[in-house]
Amino acid sequence: MSLLKEAWPASRLVMVLSDGVQGTARQSVRSEWTKRLRATVAEPVYAGLWMDIERVCKDSRGTPWPELPLTLFRQFAYTGERKPYEDVYFERRGRLAALVLAAVADSEPWRMKEVESGLLEICCEYTWALPAHVREEDTVTPPWQQVDLFASETAQMLAEILLLLGEQLDGHVVAQVRQEVGRRVLEPVFWQPRHFEWETADHNWAAVCASGCGIAALLLGEDSLGKAEAIEKMLGALDCFLAGYGEDGGCPEGVGYWVYGFGYFIYFADVLRAFTGEAVDILNSEKVRQIAAFAERVHLSDGIFANYSDSSETERLPSGLISYLNSLQEGRSTLPFHVPGLLEDPCRRWAHVLRNLVWTNPLAFGSDAAGVDYLPQLGWLMCRSRAGRQRPELGAMLAFSAKGGHNNEPHNHNDLGHFILHGGGENLLCDLGAGLYTKAYFSPGRESIINISSGGHSVPIINGTMQQSGARAKAVVLDIAVDEQEETRTGTRLKLDLTSAYPVEELTVFTRSFAWTVLEENEEARLTVTDHFEFGSSGVSIKPWDVEELLISRIQPRTGTGFVEWQGTKAVVRLDYDASVLRPRVEAVKHVDHDGVPFVFYKTSLKLASDRWNDSASVDCNLFFIINQSSC
């Protein structure tokens, strides 16, 4: 695709950013958003969201704003904990978002006073960036001018609030907001620019920061040339963001960060189109269309995803964003229809909740998810089949997903060859997703954290060694055969060479093969996983090398001679194996999720008997899975 910055230099942008176009766009967007927001109050599908908004407004009325003292800010530096500060930070943003949306719906004067108080509270914060992203030792750029994801989001939020309510707010408050957005964001990014790393990043940071800063510049900038130069600069950052995707549209960071990065890319593109009189359309490319389809491709069923990297299997995607994307693709979503509540997003993101109200289209949802998706650049495979043709009461998806790629991806986990088995609307063999974010989570040695380590994924441990980090650890596709027509029953095959993933000198070959077949009438599916190992010799004899297969699930398995069984709510997975070759063990592991909530997962270990190596330097380990629907 052509570069956005080259297509739209400042000299060209300034011609479509005339004062007349800007004024018309401002009135049009304000009118459209206001009208749509007010209409949603009476529509049942938005009832949960408006209940959250009113609950926050009610709970906050007459109570002081939660404080963000410097001592709390510096707790991250002392302890590595992010959550205590971030919980308060996001509560403040959620409170302001609720107050503003309620004020738009019901423009009583007292509501405007609460909004004004909230705006001034945000303006008085030490910095809009999070402690984990601030370098206080920086002698050039002070903390309040270090522009991260959340400083950018805050600038966008305040700019859009002024767009909606500016004429109804006290002039001094409006001036204060404009001054703070200028001082904290527009000045360091545009007016007296420092270089920020996100400007050349190939992941979500580039899109989120460019969106926030770009929208703030469009809405609050004083002259057309200044706006044009700002937009040109942000288009350069968005070029870097798009370069992080392959032509297959796959997001290596996972579906959660796809929502974040690509979602903000869409939000910026929409505002840019509106404020250039629809002259600038950065969505009209095949690559953007492929990226737009990513969530649908990794959706297994019932809102559950193949959630590799730092994503949750139960990501609640913004209904406004999905509606917008499906209008671009002229199709219907396979995702279940749900308008997320304000409180469902721990970060209380204004950009999502606003557009959930003004963009959501219930008619954009409801298509079937069955089929196969293979993303060759990303290295992810998803197979879905509608189960239970003879028993419609059990009619849900049976699905399988496997991951290739390499171990130096954004938000990387060491998980080459990892796989997920899905049935009855849940991942029975699963990916743990993101862990609790702390300083250690993004520091050297992070491989010891179970979410990141290959020891927390359904892959083997070889000679006591886990997978290594880095781009040299990569999955090489040796064979891929995709059955795209469910009725043919030819099955889907994937074979990966994973030798480079394991820094074991004596390991000469490790391949993992998957064979997925849906049986007649779709009542069950079979997955055969074959791991082939070859080792070099030591002197004249073969050393008894050690191999341990791992399988990860949130479901406590039932074991017996030659089998392991994971019983889900509506489906069951049974593993059959040669008991003379493999020795089973199940370990319950206590852990906390990304939000700090405790849970238990189960690590099933199948250890290859050492006598298998006595007279051969190679061995195959076969795991036979059957997954079917269950009425339990």
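The values are calculated or read from the model by the stated rules, or taken from the named source; none is laboratory data. Just so we're clear, the structure is a prediction, and the values are computed from it rather than from any experiment. Don't worry about glycine lacking a Cβ; one is built from the backbone with ideal geometry, like all the others, and counts go over all protein chains shown. Only protein heavy atoms, including side chains, enter the accessible area calculation; ligands, DNA and RNA are left aside. Shrake-Rupley method; radii C 1.70, N 1.55, O 1.52, S 1.80 Å.
Which count do you get for residues in the range 126-172 that are surrounded by 15 or more Cβ atoms within 10 Å (Cβ to Cβ), acidic (Asp, Glu) and not in a helix (DSSP H, G or I)?
Of the residues in that region, 1 qualify.
So residue 446 clears everything in (1) farther than 22 Å from residue 592 by Cβ; (2) open to solvent by 30 Å² or more (accessible area, probe 1.4 Å) except one condition, right? Which one?
(1)
Being in a helix (DSSP H, G or I), surrounded by fewer than 23 Cβ atoms within 10 Å (Cβ to Cβ) and small (Gly, Ala, Ser) is the filter here; which residues of the range 345-378 pass it?
Correct list: 364 only.
Can you find even one residue in the range 227-241 that is in a loop (DSSP other than H, G, I, E, B), crowded, with 19+ Cβ neighbours inside 10 Å and over 26 Å from the mean Cα position of the chain (by Cα)? Give the steps one after another, and end with the answer.
Applying the first criterion (in a loop (DSSP other than H, G, I, E, B)) to the range 227-241 yields none.
Within the range 227-241, none of the residues are in a loop (DSSP other than H, G, I, E, B), crowded, with 19+ Cβ neighbours inside 10 Å and over 26 Å from the mean Cα position of the chain (by Cα).
For the range 461-483, state whether one or more residues are of a type in the set (Ser, Thr, Tyr), open to solvent by less than 60 Å² (accessible area, probe 1.4 Å) and farther than 26 Å from residue 574 by Cα.
yes
What residue, of 82, 61, is more than 30 Å from residue 242 (Cα to Cα) and of a type in the set (Lys, Arg)?
Within the list 82, 61, the selection yields 61.
For residue 215, state whether it is in contact with a Phe, Trp or Tyr (Cβ under 7 Å, 6 or more places away or on another chain), under 24 Å from residue 103 (Cα atoms) and crowded, with 24+ Cβ neighbours inside 10 Å. Steps first, answer last, please.
On the way: in contact with a Phe, Trp or Tyr (Cβ under 7 Å, 6 or more places away or on another chain): yes; under 24 Å from residue 103 (Cα atoms): yes; crowded, with 24+ Cβ neighbours inside 10 Å: yes.
Yes.
If I go through the range 185-197 residue by residue, how many of them are open to solvent by 10 Å² or more (accessible area, probe 1.4 Å), more than 19 Å from residue 243 (Cα to Cα) and not aromatic (Phe, Trp, Tyr)?
Kept after step one, since they are open to solvent by 10 Å² or more (accessible area, probe 1.4 Å), are these residues of the range 185-197: 187, 190-197.
Narrowing further to those that are more than 19 Å from residue 243 (Cα to Cα): 187, 190-195.
Within this subset, residues satisfying the condition of being not aromatic (Phe, Trp, Tyr) are 187, 192-195.
Matching residues across the range 185-197 total 5.
Scanning the range 63-111 for residues that are over 17 Å from residue 165 (Cβ atoms) and β-branched (Val, Ile, Thr), which turns out nearest to the chain's Cα centre (by Cα)?
Only one residue tops the list, namely 88.
Which ones in the range 484-526 are basic (Lys, Arg), open to solvent by 40 Å² or more (accessible area, probe 1.4 Å) and modelled with pLDDT of 95 or more?
493, 495, 526
Inside the range 126-149, can you point out the residues that are within 22 Å of residue 163 (Cα to Cα) and either without any contact (Cβ under 8 Å) to a residue 12 or more places away in the chain or not aliphatic (A, V, I, L, M) (or both)?
Correct list: 128 only.
Out of all the residues in the range 198-208, is one or more at pLDDT 95 or above, surrounded by fewer than 19 Cβ atoms within 10 Å (Cβ to Cβ) and part of a helix (DSSP H, G or I)?
Yes: one or more hits.
Select from the range 287-300 the residues that are touching a strand residue (DSSP E or B) at 6+ places or on another chain (Cβ under 7 Å) and open to solvent by less than 10 Å² (accessible area, probe 1.4 Å) and list them in ascending order.
Answer for the range 287-300, where residues must be touching a strand residue (DSSP E or B) at 6+ places or on another chain (Cβ under 7 Å) and open to solvent by less than 10 Å² (accessible area, probe 1.4 Å): 298, 299, 300.
Out of (1) among the small types (Gly, Ala, Ser); (2) open to solvent by 10 Å² or more (accessible area, probe 1.4 Å); (3) more than 21 Å from residue 58 (Cα to Cα), what's the single condition that is false for residue 105?
(3)
Going by what's in this entry, would residue 316 be described as basic (Lys, Arg), open to solvent by 10 Å² or more (accessible area, probe 1.4 Å) and within 13 Å of the chain's Cα centre (by Cα)?
So residue 316 passes the test.
Could you list, in sequence order, the residues of the range 1-24 that are open to solvent by 50 Å² or more (accessible area, probe 1.4 Å) and within 28 Å of residue 245 (Cβ to Cβ)?
1, 2, 3, 5, 6, 12
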